[in-house]
Structure formats: C-alpha cells, structure tokens
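Nothing in this text is a laboratory measurement; each read-out follows from the coordinates by a stated rule. Here the structure is a predicted model, which means the values were calculated and not measured. Ideal geometry is used to build each Cβ from the backbone, glycine not excepted, and the neighbour counts take in all protein chains shown.
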Amino acid sequence: MSNEFPTAMLPVRQFATPAGQHISLGAPLRALLFIVIAGVLILLYFATLPQNTAIILTVVTVIVVWIFISGIRVAAQWERGILLRLGSFRSIRGPGVIYVVPFIDYIRFVDTRILVLNIPRQKVITRDNVPAEIDGALFFYISDPESAVLHVQDYQYAIAQYAQGALRDVVGRMTLDELLAEREQIQNSIGEIVEVHIKDWGMHVESIRLLDIELPEDLKRMMSRQASAEREKRATITKAEGDKLAAVNLAGAAEIMQLTPGAMQLRSLQTIDGLGASPSNTVIMFPVEWVGLVKGLLGSKAIELPDTPPEEPPAE
C-alpha cells in the first residue's frame, strides 16, 4: 500500500487574484441618456405625427441615438485612456467623461494604481549546488500609460517574465546561507535588474517580495540537526563558564572565611539548616573545636630529630 497522500488531500497554495482592469462606469450613464433622449423624441413623434411616420422615425431615432450614446466612456480617478483614431495615437484622456467616435476611435484604459503580480514558484540552483523553489510578489505601477501600451504588447506579462528571470539569475549567484540570510539584498537586486529593463516601458517597480523558499526535505533535516548541535554546543560552553565562575567565587569565599574564625561555623550551621527536617536525613554533630584540639595533641607529640648526625663506629 502506498504511503503517498492523494493529490486531493495535499494543501493548495492560495494566491491573491488581481481585480479587473476596468470598471464600466459609463454603462449606467449611457442607459440613462438613451432612455431620456429616445423617450422624449418618441413621445414627441407620436403626439405630433401620424402613426406610420412616428413608427419609422422611432426606429431611426433609436438606432441613431444608440450609436451616438455608445461613444460615451467614463474613466475612474485612477484610470487613463489611450485614444487611437483610425489606428493612430491621438491623446491620453481621463479621468472623467470621455467621448469616443463610434467605428473610428478606440480607447484602452490603463490602471495607474500600484499593481501586484504573483511570481510563480521558480526552481533555482544556488552557487553551492543546492536546489530550491522560490515564489514571490511583484509590486509596480504605470508611470507613463502611452509607453506601457504602445511600446510593449502585454506589459503585465512582460514584467512578470523579467522578474522570474532576474530571480533565477540573482539566486544562482548566491550560496544557500546567503539565500536564507540576505533576503532583503536579494529583493533589492531583483528590483534593480527589472527596473533597468522596463524603464523605457513606462513602468516603475515599487518592490519585490520573496514569499516562500522551499528546500529539499533531507536538507531540512540536516539543517535541523546542525541547529540542534549548535544549541547543544552553546549550552555546554555556558555550563562550563558557569562552573568556572562558581569555582572562582567559592575560592574567594573560602579565603574570606579563613580570615574570620566564626564564618566557617556559621556556614556549617547554614548547611545543616538547609538539609531540612526530613526523616530521611540523619545528621551527626561533631564540634569543630575538637578538630583543633586533635591537631594540637598530634603536634605536641611530634619527635624532633637532632641537628648533628650520629657518630660513625671506629673502623677495625
């Protein structure tokens, strides 16, 4: 039986979905003008003209008014319209109400707000031959709508491709440690490379953010063991330094106690008090003064050796 999880059970990475390019603000205005203008004319026809003539004029009026009204566009505050007349660039229109001559003019709206594009997961190999998968997000805005529309076919697709290529180039020149530690430097380097290539396209890179760096599972386990060993090393060194400091303090305390006769007795009483009144603890009191008395008795019985060496026996 396989241990692999079914594809349906695997977690799916969720990305933000960009909003639509253009909000049709002119549709309600066109509908209102059509109803008002056509309605007034139709009522006027039926009130003043014969029925057959009024019907014919009504049909003609509806067609003409609809064609005229269909040229009305409305650009939002953040939009600019690139107007082409018979295929030639005429001007940049907006924001507000714009009139486009039907069948002659063409207008394309460009969003000048900061736009966000997902950089799909890229498989890269670092300088020390470690495979990794990286995804990110690109933040940019249109600074020159005319260049963005006339100089490149699809500016969003173009800038996304440049960002992917720059990401692979920058990461390929770094080691794994640099990749994990210098994320801010990587983001700035990618942004500078993309900015150089798109500066003539009327776009400006606001920032590039790396969202996730995925490494092989065996490499993750090795890094985890390395981190554990490093923490254990620091813990051992810290404990050794603590033992050394405690020994130095104990030596200093012993010197001070030797200078004060009653200090050692007080320290002994504190140690006994710290044992507690537990039945499992058996304490046998032995007066410290007896130690000095025993040392004095042993010192008085010491045999002093003569200063002059013993005489040698006469030779035969």
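Estimated at 0.36 nm per residue, the fully extended path between Thr271 and Glu184 surpasses their Cα-Cα distance by 25.6 nm.
Give me the percent of Cα-Cα pairs in region 115-219 that sit more than 18 Å apart, rounded to a whole number. In whole percent, the share of Cα-Cα pairs in region 115-219 beyond 18 Å is 45. Multiplying the residue separation of Ile63 and Arg234 by 0.36 nm and removing their Cα-Cα distance gives an extension gain of 53.1 nm. With all pairs of separate Cα atoms included, region 15-111 yields a Kirkwood hydrodynamic radius of 15.4 Å. Can you find, among Ile67, Gly26, Ser91, the residue sitting farthest towards the positive end of the charge dipole of region 15-111, where Lys and Arg contribute +1 and Asp and Glu -1 at Cβ? The listed residue farthest towards the positive side: Ser91. In terms of Cα atoms, the Rg and Dmax of region 159-236 work out to 16.9, 59 Å.
Here region 115-219 is treated with +1 on each Lys and Arg Cβ and -1 on each Asp and Glu Cβ, and its dipole about the Cα centre works out to around 180 debye. Each residue, Met257 and Asn129, gets one label point 7 Å from its Cα in the Cβ direction; the gap between the two is 6.2 nm.
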